[in-house]
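All remarks here apply to the structure that follows.
What follows is calculated from the coordinates using simple rules that are stated; it is not laboratory data. Please read these numbers as outputs of a predicted model, since none were measured by experiment. A quick note on method: Cβ atoms are made from the backbone with ideal geometry, for glycine too, and the neighbour counts reach across all protein chains shown.
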Amino acid sequence: MHSPWVHLRLCRICGHVGCCDNSPLRHARAHFEKTGHPIIEGYDPPEGWGWCYIDREEVALPDQTPQRGPIPRFV
């Protein structure tokens, strides 16, 4: 099942890509709750910032992950 997403987030621990909290299914948050991996990165396009679910605050990410091409939207 495809669901529209607003933004994508990349787990800085394992590389899992999930949709943001403004998206209906909130896959990035579900990944944190399942794995305990707390740091995500804005990933569509890479924006140079991250978020810590534990501390609930933005974190600087000077070494952002490179993106290799456009990410298709499922609408």
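Values for this structure:
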read-out	value
Which labelled figure in (i) 1.03; (ii) 1.18; (iii) 0.99 is Cα Rg over 2.2 N^0.38 Å, once derived from the coordinates	(i)
Environment charge at R26 (Cβ cut-off 13 Å; Lys +1, Arg +1, Asp -1, Glu -1)	+1
13 Å beta-carbon shell around G50, net charge (K/R +1, D/E -1)	-3
Sequence-separation-based contact order of the chain, relative, with Cα cut under 8 Å and 6+ spacing, percent	27 percent
Efficiency of FRET from Cβ geometry, D63 and K34, R₀ 35 Å, rounded to 0.05	0.90
Ranked packing of 21-33, 53-65, most packed first, by mean Cβ within 10 Å	21-33, 53-65
